[in-house]
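A.B. asks: One structure coming up, written as structure tokens, with questions to follow.
The values are calculated or read from the model by the stated rules, or taken from the named source; none is laboratory data. Just so we're clear, the structure is a prediction, and the values are computed from it rather than from any experiment. Methodologically, a virtual Cβ is constructed for each residue, glycine included, from the backbone with ideal geometry; neighbour enumeration extends over all protein chains shown.
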Amino acid sequence: MSVPPESLDILVLGGGGREHALCWRLRQSPHCGRLLCAPGNAGIADVAECINLAITDPAAVVAFAAEHKIGLVVIGPEAPLVAGVADALRRANVPVVGPSAAAAELEASKGFTKDLCAQHHIPTARYRRFAGAADAHHYVAVHPLPVVVKADGLAGGKGVTVAESNEEGLAALAEIDGPVVVEQCLEGPEASLFILTDGETVRVLPTAQDHKRLRDGGEGPNTGGMGAVSPSPRLTPAVLKQALDQIVHPTLKAMRDRGTPYQGFLYAGLMLTADGPMLIEYNVRLGDPEAQVLLMRLESDLVALLWATATNTLASVEPRFAAESAITVVMAARGYPWQAVAGTLIDGIAAAEALGVTVFHAGTRRNENGQLVAAGGRVLNVTALGHDISEARALAYAAIRKIKWHGGQYRRDIGKAD
């Protein structure tokens, strides 16, 4: 069994709600020594030292890790992974949690993933790839509706349009600069499946369900996520096993076979169709806001779990999760997801947390007077545990009512099916 050092200095890359949840849980470990986060945010600053660092510059991250004797790097968002930061750290013998740039293609290129699925008979929507929007114009104009138009590259959990009309599809193309994937529109509820792997051993994490649309009832534009619950009421044990057997494990085998084994968190977005679960897309990291509910339920030592992942000894560690349900409700800035209004004052976080919730910061900073203000699109994640989703919902929304923020918006139906 691989045990982390008694005191491990840890660097977390990222500055959103996912990274606040990671830092919050890492800080609770007896193995956590100095904890640094780049760039962090106002909430992360309460549990970690926030630093300035070019997190997509592999050389800069490696140099910082060497200078500060960092023993473990945890990469939160996708951009540093695609930039090869994990590769550079491994070459420098710095333990890191996160896939190589080659393995991160699972998220960096939707076309790559669709081709991999086709080659290995992994269930997913039928699709066509195009070098650019102009090439896809005629196909989208005449394609049976609805049709799904996706930017091929990184889009921060967005960049996807379910076009109900040809005009809507063409308008989506006009917003894309680069390769395009056009897909059959699958029907059914969505669910999220998460695993952690060191390249060989796979640990299945609790299921979760995201709420992507901006407004109550699943209306409005797609966002990065307006809330999440765990466990997902939709991923039954039988459906979960089917998704693992037909989608996740074949993908991991295909990545090993091509010489790019996958290490780190992997998030499979699934559509639960009448024909069984089908892959919508992969994210090569913990989802956000799903990370918040998963880490809220985690009972075992996160440092030990991630150390085992980084040192290829995950077979020796079995994570434990609470049987309770968790919910997170995203409070976003006015204008999100288009033009978020920044700088509005936020108060009442302490009063909210006094009820027993945890408020993770996704986009906050302190102004010149030391006051907490909004500094992003998604700003706060009010996260609660309960015996069931209903109890967790009641607690989270009671806490939200304690938060004084006139510049915010949130859905009032998180935890209910879209």
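A.B. asks: Could you pull out the residue among 35, 11 that is surrounded by 24 or more Cβ atoms within 10 Å (Cβ to Cβ), at pLDDT 95 or above and of a type outside the set (Asp, Glu)?
C.D. replies: Details: 35 fails: surrounded by 24 or more Cβ atoms within 10 Å (Cβ to Cβ).
Result of the check over 35, 11: 11.
A.B. asks: With the requirement that a residue be in a loop (DSSP other than H, G, I, E, B) and either of a type in the set (Val, Ile, Thr) or modelled with pLDDT under 95 (or both), what does region 393-418 give you? Please lay out each step first, then the result.
C.D. replies: Applying the first criterion (in a loop (DSSP other than H, G, I, E, B)) to region 393-418 yields 401-403, 405-407, 410-418.
Answer for region 393-418, where residues must be in a loop (DSSP other than H, G, I, E, B) and either of a type in the set (Val, Ile, Thr) or modelled with pLDDT under 95 (or both): 403, 406, 407, 414, 415, 416, 417, 418.
A.B. asks: Would you pick out the residues in region 249-268 that are in contact with a strand residue (DSSP E or B) (Cβ under 8 Å, 6 or more places away or on another chain), assigned to a loop (DSSP other than H, G, I, E, B) and free of Cβ contacts under 8 Å to residues at least 60 places away in the same chain? Reasoning before the result, please.
C.D. replies: Pass one, region 249-268, residues in contact with a strand residue (DSSP E or B) (Cβ under 8 Å, 6 or more places away or on another chain): 249, 251-252, 262-268.
Cutting the leftovers down to assigned to a loop (DSSP other than H, G, I, E, B) gives us 262-263.
Within region 249-268, no residue meets the criteria.
A.B. asks: Taking region 160-175 as the region of interest, how many residues are outside any helix (DSSP H, G or I) and in contact with a Ser or Thr (Cβ under 9 Å, 6 or more places away or on another chain)?
C.D. replies: Taking region 160-175 and keeping what is outside any helix (DSSP H, G or I), we get 160-165, 175.
From the residues that got through so far, the ones that are in contact with a Ser or Thr (Cβ under 9 Å, 6 or more places away or on another chain) too are 175.
Total meeting the criteria: 1.
A.B. asks: Under 7 Å between Cβ atoms, which residue pairs at least 6 apart in sequence (or on different chains) link something in region 138-152 that is of a type outside the set (A, V, I, L, M, F, W, C) with a partner that is in a helix (DSSP H, G or I)?
C.D. replies: Sorted first by the residue in region 138-152, then by its partner, the pairs are 150/110; 152/110; 152/111.
A.B. asks: Within the bounds of region 211-228, is there any residue that is among the acidic types (Asp, Glu) and in contact with an Asp or Glu (Cβ under 6 Å, 6 or more places away or on another chain)?
C.D. replies: The answer is yes; a qualifying residue exists.
A.B. asks: Looking at (1) at pLDDT below 95; (2) of a type outside the set (Phe, Trp, Tyr); (3) touching a helix residue (DSSP H, G or I) at 6+ places or on another chain (Cβ under 7 Å), which is the one condition that is false for residue 5?
C.D. replies: Unmet for residue 5, out of (1) at pLDDT below 95; (2) of a type outside the set (Phe, Trp, Tyr); (3) touching a helix residue (DSSP H, G or I) at 6+ places or on another chain (Cβ under 7 Å): (3).
A.B. asks: Taking residue 228, is it closer than 26 Å to residue 16 by Cα, outside the structural domain of residue 81 (by TED's automatic domain parsing), surrounded by 23 or more Cβ atoms within 10 Å (Cβ to Cβ) and modelled with pLDDT of 95 or more?
C.D. replies: On the way: closer than 26 Å to residue 16 by Cα: yes; outside the structural domain of residue 81 (by TED's automatic domain parsing): yes; surrounded by 23 or more Cβ atoms within 10 Å (Cβ to Cβ): yes; modelled with pLDDT of 95 or more: yes.
Here the answer is yes, as residue 228 does meet what is asked.
A.B. asks: Specify which of the listed residues (317, 293, 303) is touching a Cys at 6+ places or on another chain (Cβ under 7 Å) and within 26 Å of residue 8 (Cα to Cα).
C.D. replies: Details: 317 fails: touching a Cys at 6+ places or on another chain (Cβ under 7 Å); 293 fails: touching a Cys at 6+ places or on another chain (Cβ under 7 Å).
Selected residue: 303, the only one of 317, 293, 303 that is touching a Cys at 6+ places or on another chain (Cβ under 7 Å) and within 26 Å of residue 8 (Cα to Cα).
A.B. asks: A follow-up question, please. Could you check region 392-414 and list, in sequence order, the residues that are without any contact (Cβ under 8 Å) to a residue 60 or more places away in the chain and under 19 Å from residue 225 (Cβ atoms)?
C.D. replies: 399
A.B. asks: Is region 313-326 home to any residue that is over 23 Å from residue 78 (Cβ atoms), buried (at least 23 other Cβ atoms within 10 Å of the Cβ) and aliphatic (A, V, I, L, M)? Reasoning before the result, please.
C.D. replies: Taking region 313-326 as the starting set, the residues that turn out to be over 23 Å from residue 78 (Cβ atoms) are 313, 315-318, 320-326.
Next cut, buried (at least 23 other Cβ atoms within 10 Å of the Cβ) only: 325-326.
Filter once more, keeping what is aliphatic (A, V, I, L, M): 326.
Yes, some residue in region 313-326 is over 23 Å from residue 78 (Cβ atoms), buried (at least 23 other Cβ atoms within 10 Å of the Cβ) and aliphatic (A, V, I, L, M).
A.B. asks: Do you know which residues across region 297-317 are in contact with a strand residue (DSSP E or B) (Cβ under 7 Å, 6 or more places away or on another chain) and more than 18 Å from residue 32 (Cβ to Cβ)?
C.D. replies: 297, 314
A.B. asks: So is residue 378 under 25 Å from the mean Cα position of the chain (by Cα), under 23 Å from residue 218 (Cβ atoms) and among the basic types (Lys, Arg) or not? Walk me through how you get there before you give the answer.
C.D. replies: Values: under 25 Å from the mean Cα position of the chain (by Cα): yes; under 23 Å from residue 218 (Cβ atoms): yes; among the basic types (Lys, Arg): yes.
So residue 378 passes the test.
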